[in-house]
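Single-structure report; data block below.
The values are calculated or read from the model by the stated rules, or taken from the named source; none is laboratory data. Because the structure is predicted, anything quoted here is derived from the model rather than measured. All Cβ positions, even for glycine, are placed from backbone atoms using ideal geometry, and neighbour counts span all protein chains on display. Accessible surface areas use protein heavy atoms only, side chains included; no ligands, DNA or RNA. Shrake-Rupley method; radii C 1.70, N 1.55, O 1.52, S 1.80 Å.
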Amino acid sequence: MNNRIYNVLFNTHTISGIIISAALYVIFFAGSFSFFRDEIISWERNEPVMERGMNEVNFDLLLDSINSRQAAYGRDITFNQYYEERRVGVSLGPSKDTLAPKETAAGSFFYLDKETMKSYDYFSSYSIGEFLYRLHFFAQLNLFGRSGYFLAGLVAFFFLFAVITGVLVHWNKIVSNFYIFRPGAKWKTIWTDAHTALGILGLPYQFIFALTGTYLIISTLVMAPPVVALFYDNDATKMYADFGVGGENYPMLMEREQPPVHINDLVNRTRETWKDFDIRTVTVYNYGDANMHVAVEGLPLNTRSFLGKGKMVFKAATGEVVDVKDPYHGASYLDGATNVLTKLHFGDFGGTGLRVIYFILGLVSCFVIISGVMIWLVARDKKTVSERKRRFNAWLVWIYLAVCLSMFPATAITFVGVKVFVTAFDPSRMHTIFRIFFYSWLVLSVVFTLKRDNYFTNKYTLISGGFIGLMIPIVNGLVSGNWMWVSLLAGYYDIFFVDVFWLLLSLTALIIAFRLRKNKTAIAVRPPKKIKPKENLIPVD
């Protein structure tokens with residue numbers, strides 16, 4: 001590689017990395033916690049999940065409960081459970097019955113507890129697990145349409161660019177630099193060694209997330225609209241039908257189903273037909289009508305198949321199978337590619353152990369991001385750089401580190417605050433979680449910025465987050481009574497996991513914080529104070 005190409009790649013890597021660094025840090029930090037979204041939700045609600053998926057759901061009981069609260073005849077009713085929690089998402093379409101009451105003319109969505117049959121709207125069911133999951137693609141910034149999603153998509157795209165150019169820049173010295181670490185050298189050398197070594201360790205992980213993140217956001221938000229406009233004449237329904245999403249249309253006969261059909265029997269037939277099949281969606285078309293149909297959809301267990309997607313549609317009156325999509329044979333390219341990219345992104349194909357590895361690599365990626373910024377700062381802390389520019393660079397990094405590193409104690413504060421101050425049925429849960437997290441994050445960011453000491457910021461964000469994190473299992477025990485030993489003996493492993501997770505994470509943070517030492521041989525990053533010139537002395541005769 002000649003010098004010109006090297007310089008172009010190096011500058012491209014640096015600029016693309018600097019532009020997205022803060023946003024990318026938020027994505028990786030929040031996304032790392034999102035791997036445990038289901039466990040966090042169970043812990044927060046004190047609702048342990050004893051049965052996974054929808055395999056043990058009594059759909060007849062759920063439908064009877066729904067029908068007793070609002071007229072369900074003639075509606076399309078969909079039960080979804082994409083995450084492992086006790087609540088099932090229920091979507092009610094508008095009634096197709098021309099004689100139905102006016103209030104059934106509109107659709108609705110709510111959550112239904114599989115055990116207690118209590119219903120919750122989106123706001124009263126909001127949780128810190130949902131918050132962190134949505135924060136990792138900036139859903140809270142959707143003030144103007146889907147601006148947050150677009151920002152996350154652009155960050156993912158530039159991150160993919162930064163990963164590729166970074167590999168090309170370091171290619172010639174990738175092996176030799178990987179084994180070099182010089183903690184007693186100057187700051188630029190320390191940050192460069194750490195950035196290179198940890199960057200190479202996390203390279204496959206970072207490339208996977210850059211690629212899958214770009215696909216999941218840009219393919220749906222950027223590519224889908226022009227495809228609909230150019231190839232489907234703005235008919236999104238037709239496009240989704242070609243992609244195998246939706247497209248079913250079963251007309252009403254306006255005759256009541258006689259006798260009532262047991263949905264559980266149809267679901268059990270699907271389960272018996274396909275072994276090791278994880279049911280995720282059950283849709284009832286024209287509920288209660290003589291032309292009622294039932295669609296059962298899901299995915300094969302990862303131990304059986306990694307690509308497939310299954311669906312079986314029954315005519316409820318006769319039990320006849322009218323449509324089949326075998327999850328184990330003939331998987332389409334679209335289903336295979338989508339399933340692989342989705343599973344790689346969410347890390348849900350290898351159990352808790354894989355998600356713990358994903359979490360650690362996510363934090364490693366956060367460090368790689370910070371070390372890259374510190375290399376940029378130290379490289380410009382030279383006497384040849386004007387004092388004005390050095391002060392600007394220093395302020396930029398003070399703010400940057402304060403904002404990024406304050407996410408750890410702010411997250412710990414939110415876990416404690418949600419458990420203490422937010423009730424289970426509070427309709428303002430979402431806004432309360434927003435206030436706790438964003439206000440604490442803002443205050444901590446301002447305090448550490450005004451301190452103007454990167455070492456202080458690094459050390460005391462770890463200490464504050466560590467001590468607050470140690471309080472989380474204690475607060476949970478006091479509020480819910482589920483102390484760690486109680487949860488373990490009762491088999492509430494998801495609640496037990498979150499308490500142990502915070503205990504280990506906090507202890508690790510405190511150990512690292514108390515072992516931090518300033519590098520005395522390195523030059524301080526703080527710009528030198530401006531020295532006033534001496535006054536001219538006039539000799540007196």
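Cα centroid distance between the range 105-128 and the range 455-476, in Å?
Cα centroid to Cα centroid, the span is 34 Å.
Going toward the positive end of the dipole of the chain, with +1 on Lys and Arg Cβ and -1 on Asp and Glu Cβ, which of Ile495, Ser42, Gly148 do you reach last?
Gly148
Given the protein chains as shown and a 1.4 Å probe, how many square angstrom of Tyr215 are accessible, to the nearest 10?
Here the accessible area works out near 70 Å².
If you find the alpha carbon centre of the range 288-360 and of the range 60-76, how far apart are they in angstrom?
Spelled out, the Cα-based centre of one part sits 26 Å from the other.
Multiply the residue gap between Arg388 and Leu301 by 0.36 nm, knock off their C-alpha separation, and tell me the result in nm, one decimal place.
25.4 nm
Using Cα pairs closer than 8 Å and at least 6 residues apart in sequence, work out the relative contact order for the chain, in percent.
After rounding, I find 18 percent.
Whenever you get a sec, compute what percent of the accessible area on the chain sits on carbon and sulfur atoms (1.4 Å probe).
64 percent
With a sphere of radius 13 Å drawn around the Cβ of Gly417, what net charge do the other residues whose Cβ falls strictly inside it have (Lys, Arg +1; Asp, Glu -1)?
Counting the neighbours of Gly417, the net charge comes to +1.
Go through 253-264, 66-77, 31-42, 360-371 and give me the packing order, highest mean Cβ count within 10 Å leading.
For the peptides 253-264, 66-77, 31-42, 360-371, the packing ranking is 31-42, 360-371, 66-77, 253-264.
In square angstrom, what is the accessible area per residue of the chain with a 1.4 angstrom probe? Kindly include the intermediate steps, with their values, before the conclusion.
Numbers: 28140 Å² over 541 residues.
Result: 52 Å² of accessible area for each residue.
Assuming a viscosity of 1.306 mPa s and a temperature of 10 °C, what translational diffusion coefficient in µm² per second does Stokes-Einstein assign to the range 22-128, Rh being the Kirkwood radius over Cα pairs?
The Stokes-Einstein estimate is 102 µm²/s.
Using the C-alpha atoms of the range 393-470, what convex hull volume per residue, in cubic angstrom, is computed?
68 Å³
For the range 269-285, in order, what is each residue's ³J(HN,Hα) by Karplus, 6.51 cos²θ - 1.76 cosθ + 1.60 with θ = phi - 60°, in whole Hz (x at glycine and Pro)?
My calculation for the range 269-285 gives 4, 5, 5, 6, 6, 10, 6, 6, 10, 9, 6, 10, 9, 10, 10, 10, 9 Hz in order.
Scan around Ala317 for amide H atoms under 5 Å from its own, H built in the peptide plane at 1.01 Å from N, and keep only partners 5 or more places away or cross-chain.
Met292
If each DSSP helix of 4+ residues adds -39,500 (n - 2.57) and the sum is divided by the residues in the chain, what number results at 222 nm, nearest 500 deg cm²/dmol?
Counting only the DSSP helices, I get -18500 deg cm²/dmol.
Roughly how big is the chain's charge dipole about its Cα centre, with Cβ charges of +1 (Lys, Arg) and -1 (Asp, Glu), in debye to the nearest 20?
About 4000 debye.
Cross-link list Lys96/Lys238; Lys114/Lys419; Lys114/Lys275; Lys343/Lys459; Lys96/Lys118: which exceed 29 angstrom alpha carbon to alpha carbon?
The answer is Lys343/Lys459.
Spin-label point model (7 Å from Cα, Cβ direction): what's the Arg256 to Asp60 distance in nm?
1.8 nm
Angle between the Cα long axis of helix 3-34 and the longest principal axis of the chain, 0 to 90 degrees, nearest 10?
Helix 3-34 sits at roughly 50 degrees to that axis.
For a quick protection proxy, order the peptides 79-88, 129-138 by their average other-Cβ count within 10 Å, most packed first. If you can, show how the numbers build up before the last one.
Details: 79-88: 18.6, 129-138: 22.2.
So the peptides 79-88, 129-138, ranked by packing, come out 129-138, 79-88.
Starting from the 7 Å offset along Cα-to-Cβ, what nm value, one decimal, do you get for the label separation of Ile512 and Asp121?
So the two model labels end up 4.1 nm from each other.
Can you classify the range 333-470 as rounded, prolate or oblate using the Cα gyration tensor, where a ≥ b ≥ c are the square roots of its eigenvalues, rounded means a/c under 1.5, and otherwise it's prolate if a/b beats b/c and oblate if not?
In terms of gyration-tensor shape, oblate.
Using the Karplus curve 6.51 cos²θ - 1.76 cosθ + 1.60 with θ = phi - 60°, work out ³J(HN,Hα) for each residue of the range 454-471 in order, rounded to whole Hz, and write x for Gly and Pro.
Rounded to whole hertz, the list is 5, 5, 4, 4, 4, 5, 8, 5, 5, 5, 5, x, x, 5, 5, x, 5, 6.
How tilted is helix 407-421 with respect to the longest principal axis of the chain? Cα atoms for both, answer in degrees (0 to 90, nearest 10).
40 degrees
If I compute P(r) over Cα pairs in 20 Å bins from 0, in percent from the structure I just sent, which labelled value in (i) 17, 36, 25, 15, 7, 1; (ii) 18, 47, 27, 7, 1, 0, 0; (iii) 20, 57, 23, 0 lines up?
After the calculation, the listed value that fits is (ii).
Please give the helix 429-451 orientation as an angle from the longest Cα principal axis of the chain, in degrees from 0 to 90, rounded to the nearest 10.
Tilt of helix 429-451: around 10 degrees.
Could you give me the ³J(HN,Hα) list for the range 382-390, computed from phi with Karplus coefficients 6.51, -1.76, 1.60 and θ = phi - 60°, whole Hz, x at Gly and Pro?
Once rounded to whole Hz, the list reads 10, 5, 6, 8, 4, 5, 4, 5, 5.
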